[in-house]
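Here is the structure we will look at.
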Amino acid sequence: MLDELKALRTEMAKFQVKVTDDIVQKELNVADKAISYANVTVTYFFYLLAGAASVLAIVGWQSLRELKKTARDYAETEMRKITNTYEHKLKQIERELQRKTKVIAENYREIERFQEIHGLWLRASQEQSPQAKIDIYDQILDIKPGDLDAMTHKADAALMMNERQWALSLCNRVLQVDQQNAHALYQRACAHAGMGHEDQALSDLELAVKNNVHLGDVAAEDEEFDSLRQHPRFIELTHEHIDTSTTDS
């Protein structure tokens with residue numbers, strides 16, 4: 001009995017040692033696996049952090065680049081708008097300056113023409129020769145074509161040269177433009193009177209006096225109307241004017 005009990009105790013001690021050894025071994029295995037898992041987890045975590053940091057860095061760099069590009073594009077667009085606006089305004093100012101310069105130049109030329117024409121009129125008033133007057137009137141017409149005053153005065157000079165047909169033609173040209181031109185009507189009346197056209201002469205004289213009553217005084221003294229002195233209608237026209245003037249005075 002004692003031997004069996006001793007053997008049993010020996011086996012129990014061996015079994016206890018084995019169980020303890022197995023438990024320790026399993027605990028070591030578990031600890032090893034835990035350490036390995038923790039190591040892998042930490043490694044993956046750092047990889048994840050590194051990847052996230054890389055992504056953030058790339059995205060941030062891309063965002064900065066896009067922001068820079070957007071800012072540059074916006075600045076260029078605004079500068080282009082401002083430049084276009086000022087270019088448009090400058091072109092308007094340039095066109096306005098050109099227009100005003102053109103107007104000033106035209107006014108200057110007009111002043112020069114006026115001064116030249118005025119000088120020619122002064123020369124014509126001082127000339128005694130009808131032909132010299134006509135030459136000056138032609139110079140005025142060269143500078144200012146169609147000048148009605150120059151043509152009517154030219155007709156007057158033509159009458160002084162007994163060129164009644166020429167004077168009649170000039171008066172007709174004036175009256176085509178201004179039917180109520182009293183000076184042209186008077187000169188044409190003189191031409192008709194000199195050519196023996198009494199009715200036409202009296203009709204034109206009546207219209208001339210109607211438009212300018214002072215021409216009645218001129219007609220009463222004008223030698224061109226010598227052939228009409230005794231004509232009742234001529235007497236009526238000139239005497240009516242004389243009587244009206246006397247009454248007014």
Note down the net charge around residue 166, summing +1 for each Lys or Arg and -1 for each Asp or Glu among other residues with Cβ under 14 Å from its Cβ. +2
Net charge near residue 155: determine it from the other residues with C-beta under 10 Å of the C-beta of residue 155, scoring Lys and Arg +1 and Asp and Glu -1. +2
Beyond a 32 Å Cα-Cα separation, which of these cross-linked pairs lie in this structure: 100/154; 69/89; 102/210; 100/144? 100/154; 102/210
Not counting ligands, DNA or RNA, and with a 1.4 Å probe, what is residue 111's accessible surface area in Å² rounded to the nearest 10? 90 Å²
At 1.4 Å probe size, with no ligands or nucleic acids counted, give the accessible surface of residue 203 in Å², nearest ten. 50 Å²
Just add up the charged neighbours of residue 129: K/R +1, D/E -1, any other residue whose Cβ is under 15 Å from the Cβ of residue 129. -2
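The values are calculated or read from the model by the stated rules, or taken from the named source; none is laboratory data. Every value quoted in this text rests on a predicted model; they were computed, and no experiment measured them. Positions of Cβ are generated from backbone atoms using ideal geometry, with glycine treated the same way; all protein chains shown enter the neighbour counts. Calculation scope for accessible area: heavy atoms of the full protein, side chains included, ligands and nucleic acids excluded. Shrake-Rupley method; radii C 1.70, N 1.55, O 1.52, S 1.80 Å.
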